[in-house]
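The values are calculated or read from the model by the stated rules, or taken from the named source; none is laboratory data. Just so you know, these numbers come straight off a predicted model, no measurement behind them. Cβ atoms come from the backbone with ideal geometry, glycine included; neighbour counts cover every protein chain shown. These accessible areas exclude ligands, DNA and RNA; they are computed on the full protein's heavy atoms, side chains included. Shrake-Rupley method; radii C 1.70, N 1.55, O 1.52, S 1.80 Å.
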Amino acid sequence: MCENKPGSVTPTGSHCQFEETQTVPLKSYSGIGLCGWLLVGFSLLLMLVTLPISIWMCIKIVKEYERAIIFRLGRILKGGAKGPGLFFILPCTDNFINVDMRTITFDIPPQEVLTKDSVTVSVDGVVYYRVQNATLAVANITNADSATRLLAQTTLRNVLGTKNLAEILSDREEIAHNMQVEHTTPPPFIKCSK
């Protein structure tokens, strides 16, 4: 059953509708404390001592269609996603994740759907999506690609389960439009095209 709590789910008729959740502002590395600053200072010192070799490990390149999210001691650096182009990381304290910003397509594998009039139908589909905000896609979801795939499969089964066979065969374009607009609630940083 749906609970009526702020930021969770609210009942609308006999279905549950998800509200858009508030995101917490991301913290910069300014609050890493004394030990964190010592580690950053030691990393800088180590980089300067081994400068001719270490410069090749500190400079990274991000392609035109990618963005890099840099974590310093586990916290996202101030300024969000970096790229495209060159950026600098500290070898021992920083790591980064590249996010592809291009439109990604995938096939929904054939799904066995029981229609409203108790007919089993095998359906498949194609989904187009792209990441709108790389920082939120990394910080708020473990695997945005997998989550989008599972959401597409679930939406396909849920929408077609409410239709009878005649409606599925005759109203394909309307069903596709309804799936795109009304029934999918992807995170605000992922945009589903079709």
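Quick check on the range 103-192: take the gyration tensor over C-alpha atoms, sort the square-rooted eigenvalues as a ≥ b ≥ c, and tell me if it's rounded (a/c under 1.5), prolate or oblate.
Because a/c hits 1.5 or more and a/b exceeds b/c, the range 103-192 counts as prolate.
Among Leu136, Val119, Thr103, whose Cα projects farthest towards the positive end of the dipole of the range 83-140, with charges put on the beta-carbon of Lys, Arg (+1) and Asp, Glu (-1)?
Leu136
Taking the mean number of other Cβ atoms within 10 Å as a proxy for protection, how do you rank 45-58, 120-133 from highest to lowest?
Final packing ranking: 120-133, 45-58.
Farthest toward the dipole's positive end in the range 49-192, which of Ile61, Asn164, Thr50, given Cβ charges of +1 (Lys, Arg) and -1 (Asp, Glu) about the Cα centre?
Farthest towards the positive end: Thr50.
For Thr105, Thr154, Thr142, Thr135, give the ranking by accessible area with the largest first, probe 1.4 Å.
The most accessible residue leads, giving Thr142, Thr105, Thr154, Thr135.
Out of the range 63-106, which trypsin sites (Lys or Arg not before Pro) are coil in DSSP terms and have no more than 14 other C-beta atoms within 10 Å?
In loop regions of the range 63-106 (DSSP not H, G, I, E or B), the sparsely surrounded trypsin sites (Lys or Arg not before Pro) are Lys63, Lys78, Arg102.
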